[in-house]
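The values are calculated or read from the model by the stated rules, or taken from the named source; none is laboratory data. This one's a predicted model, so the numbers in the text were calculated from it and none came from an experiment. In this analysis, Cβ positions are derived from the backbone assuming ideal geometry, glycine residues included, and neighbour counts consider all displayed protein chains.
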Amino acid sequence: MDGEAIQDVLGRAPLFVDLPRTHLADLAADSEVHAYRAGEILMQQGDPGDTLHVVIDGQVKVMVPADSGDVAVVTVLGPGEFLGELSLIDGGLRSATVEAIESVRTVSVSRAAFHGVMNAYPALTERLLLLVVARLRRTTRLASNLAFLDLRGLVAKRLLELALQTGQTTQDGVIEINPGLTQLDLAAMIGGSRESVNRQLSWFEQMGAIERRGGRIRLINAEILRRRIT
């Protein structure tokens, strides 16, 4: 991928969408393209971090390990979204582990290049803050859901969110959730066991809300899920 193509990728990302082409060129000049296989780790919690990654294609899951050995899946990120921004801001260690759900390519931007452009174009600082705050609000909503929804409600809400984030509409009008996300991942997203989440999925399947086919979850009737969380 040449410099022009990297500029195009960065320019489509929400973080850099308003950045003048000259500054995109500055970022692209100090960027690298990386490719990861499904299951490969992009970054590990606790590692030093001096780069921000923008996802070109594919999807990744952001995970936070617990002292108990369990892992919480915080979110799923796809094309155009960025990760590693906290280390880029403060120079600290990585706050989470990121794993490729499927084949993934990213563009990495160095901390030095990012800060150089941020100093030359202060509006980028405001844009970064707005996007980080938006992520913080999503995290707050997640904590609220965990406090006030039962397991069935949590499963319903997460399925609806995943349908928006990773869903693809098939020819028969059904929304198919990314097959790379397993039931174990779904359990890690809502703090339940694989067995208990599987029971809830079976219930929604019996109600006609979803269908499981070949390891994939297909959303048949979203209204049934919505009713469960209202």
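Is it the case that segment 96-107 has a residue that's acidic (Asp, Glu) and either under 20 Å from Gln44 (Cβ atoms) or modelled with pLDDT under 90 (or both)? Write out each step before concluding.
First, pick out the residues of segment 96-107 that are acidic (Asp, Glu): 99, 102.
Next, from what is left, pick out any that are either under 20 Å from Gln44 (Cβ atoms) or modelled with pLDDT under 90 (or both): 99, 102.
Within segment 96-107, one or more residues are acidic (Asp, Glu) and either under 20 Å from Gln44 (Cβ atoms) or modelled with pLDDT under 90 (or both).
Just for segment 165-193: of the residues that are of a type in the set (S, T, N, Q) and under 18 Å from Val62 (Cβ atoms), which one is surrounded by the fewest Cβ atoms within 10 Å (Cβ to Cβ)?
Selected residue: Thr182.
Remark: Thr75 matches the filter, which requires a residue to be modelled with pLDDT under 90, of a type outside the set (A, V, I, L, M) and either under 15 Å from the mean Cα position of the chain (by Cα) or not assigned by TED's automatic domain parsing to the domain that holds Gly191 (or both).
Quick check on Val104: is it buried (at least 18 other Cβ atoms within 10 Å of the Cβ) and in contact with a Phe, Trp or Tyr (Cβ under 8 Å, 6 or more places away or on another chain)? For Val104, the condition - buried (at least 18 other Cβ atoms within 10 Å of the Cβ) and in contact with a Phe, Trp or Tyr (Cβ under 8 Å, 6 or more places away or on another chain) - is met. The single condition among (1) in contact (Cβ under 8 Å) with a residue 40 or more places away in the chain; (2) surrounded by fewer than 16 Cβ atoms within 10 Å (Cβ to Cβ) that Asp26 does not satisfy is (2). Evaluated against (1) surrounded by fewer than 20 Cβ atoms within 10 Å (Cβ to Cβ); (2) outside any helix (DSSP H, G or I), Leu42 falls short on exactly one condition, (1).
Could you please let me know if Leu159 is in contact (Cβ under 8 Å) with a residue 24 or more places away in the chain and touching a Phe, Trp or Tyr at 6+ places or on another chain (Cβ under 9 Å)? Reasoning before the result, please.
Values: in contact (Cβ under 8 Å) with a residue 24 or more places away in the chain: yes; touching a Phe, Trp or Tyr at 6+ places or on another chain (Cβ under 9 Å): yes.
Spelling it out, Leu159 is indeed in contact (Cβ under 8 Å) with a residue 24 or more places away in the chain and touching a Phe, Trp or Tyr at 6+ places or on another chain (Cβ under 9 Å).
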